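One structure is given below, encoded as structure tokens.
The values are calculated or read from the model by the stated rules, or taken from the named source; none is laboratory data. A quick note: this is a predicted structure, and the numbers were derived from the prediction, not measured. Using ideal geometry, Cβ is built from the backbone for each residue, glycine included, and neighbour counts are taken over all protein chains shown.
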Amino acid sequence: MREVLAEWRPVVDETIEELLPREVDADYLTDFFGPAAYQYDPEAIQTALADPIWNLLDRGGKRWRAVLLLVLVEGFGEDPHDYLQYACIPEILHNGTIIVDDVEDGATMRRGEPALHHEFGVDIALNAGNAMYFLPLKVLTRNPAELDAETRLAAYEMLMHELNRTHLGQGMDIRWHNAREVDLTEAEYLEMSACKTGALGRIVARLAAIITDNEDDELHVARFAESMSVAFQIADDILDIEHAMEAGGDFGKGVGNDIREGKKTLPVIHAVTNADRDDAERLVDILWSDENTDAEVREAIEIIESTGSVEYAREQAEALAADARDHLDEADLEPGPAEQLADFTRFVVEREV
């Protein structure tokens, strides 16, 4: 699957450039958004939209949501090259959520550099992030695959449903982030992940099924993508802790971010539930602090480690990945792409970055 990601990523980026060029001019704005009522200012749009968006995209990212859609399209027996612009829909949406989430979470770093609101300002970051919720919907309007009206309506309705679910998940996450207590249940955490992260995965899978006229398999692939996405989120929780553990005492910016931001992750929930009372209270105190020293981050990690919470979270991620493969087996897919998709469920929990 790593080879598949490496093969498709540059193609995906080239296609995103068709939807939002690195250099914006009046001709592009007229073609993509329609004639100006009075007069566009390409330079302003360049500064406020194109520059920050490409600044983020050029920092990296696996583009796995776009690639997953393309592999699913191939699994449904279609040529993925015919659906490249549709594959960019969940990828652009995802990167838009990153920008907005970083503002809401008070994040300092993203992909090894200052978060966009630190780089460009909160106003530009929020506008760019919000624009990325709507920009990819133009693909359905422009209709490069010449989908019929019923199919396009089904895609629109699906996107609206799933995008609303992402905001339910983000709402839960924000509330927990701002609350001193860690009294949420594991099931509540999984539901938050299923909405916030899983809904984007479901968009990938459901869109692939809808645009290739495979609605009979839509539910199967949606459940596959949701379980895999939640496993991906838990793996992210684990990686943040493991990277901080590997750093030892030499913490740099961005190391132990989840602890510094007070996030209620699955390892934290498990640790607070299973640690002795003093350790649990100390972990909550560290998470609630406005700022943490490196020593406090190390202390929090030691409490999480002592309760076996990292291994517990890994087991849950592996179980969700196995559940994703079970749902995948129920879908009628070509063998080659199906195996690549199954391999991806292993990749999301075994990756090191």
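Note on region 16-25: among residues that are assigned to a loop (DSSP other than H, G, I, E, B) and at pLDDT 95 or above, the one that is nearest to residue 135 (Cα to Cα) is 21.
The residue of region 282-341 that is surrounded by the most Cβ atoms within 10 Å (Cβ to Cβ), among those that are at pLDDT below 95 and not in a helix (DSSP H, G or I), is 292.
The requirement of being surrounded by fewer than 21 Cβ atoms within 10 Å (Cβ to Cβ) and in contact (Cβ under 8 Å) with a residue 12 or more places away in the chain is satisfied by residue 119. Residue-level check: of (1) within 18 Å of residue 208 (Cβ to Cβ); (2) out of contact with any helix residue (DSSP H, G or I) (no Cβ under 6 Å at 6 or more places or on another chain); (3) not basic (Lys, Arg), residue 32 misses just (1).
Here is a yes/no grid of residues against (1) part of a helix (DSSP H, G or I); (2) over 21 Å from the mean Cα position of the chain (by Cα):
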position: 9; (1), (2): yes, no
position: 14; (1), (2): yes, no
position: 27; (1), (2): yes, yes
position: 31; (1), (2): yes, yes
position: 37; (1), (2): no, yes
position: 46; (1), (2): yes, yes
position: 59; (1), (2): no, no
position: 74; (1), (2): yes, yes
position: 84; (1), (2): yes, no
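Quick one: in region 237-251, of everything that is of a type outside the set (A, V, I, L, M) and over 14 Å from residue 312 (Cα atoms), which residue is modelled with the highest pLDDT? Step by step, filter region 237-251, then rank; the result is 240. Taking the listed residues 41, 105, 58, 27, the one that is touching a residue at least 24 places away in the same chain (Cβ under 8 Å), surrounded by fewer than 19 Cβ atoms within 10 Å (Cβ to Cβ) and either of a type outside the set (A, V, I, L, M) or closer than 24 Å to residue 220 by Cα (or both) is 105, with no other qualifying.
Scanning region 142-163 finds no residues that are over 28 Å from residue 213 (Cβ atoms) and either part of a helix (DSSP H, G or I) or modelled with pLDDT of 95 or more (or both).
Within region 122-138, the only residue that satisfies the criterion of being under 16 Å from the mean Cα position of the chain (by Cα), surrounded by fewer than 18 Cβ atoms within 10 Å (Cβ to Cβ) and not polar (S, T, N, Q) is 133.
Looking across region 177-190 at every residue that is farther than 23 Å from residue 93 by Cβ and of a type in the set (A, V, I, L, M, F, W, C), the one that is modelled with the highest pLDDT is identified as 187. Yes or no: residue 235 without any contact (Cβ under 8 Å) to a residue 24 or more places away in the chain, small (Gly, Ala, Ser) and out of contact with any strand residue (DSSP E or B) (no Cβ under 9 Å at 6 or more places or on another chain)? It is false that residue 235 is without any contact (Cβ under 8 Å) to a residue 24 or more places away in the chain, small (Gly, Ala, Ser) and out of contact with any strand residue (DSSP E or B) (no Cβ under 9 Å at 6 or more places or on another chain). The condition (being touching a Phe, Trp or Tyr at 6+ places or on another chain (Cβ under 7 Å) and either crowded, with 18+ Cβ neighbours inside 10 Å or closer than 26 Å to residue 131 by Cβ (or both)) is satisfied by just one residue among 166, 212: 212. Does region 298-313 include one or more residues that are in contact with a Lys or Arg (Cβ under 9 Å, 6 or more places away or on another chain) and farther than 16 Å from residue 181 by Cα? For region 298-313, residues in contact with a Lys or Arg (Cβ under 9 Å, 6 or more places away or on another chain) and farther than 16 Å from residue 181 by Cα: present.
Scanning region 169-194 for residues that are crowded, with 23+ Cβ neighbours inside 10 Å and either of a type in the set (A, V, I, L, M, F, W, C) or more than 15 Å from the chain's Cα centre (by Cα) (or both) yields 189, 192.
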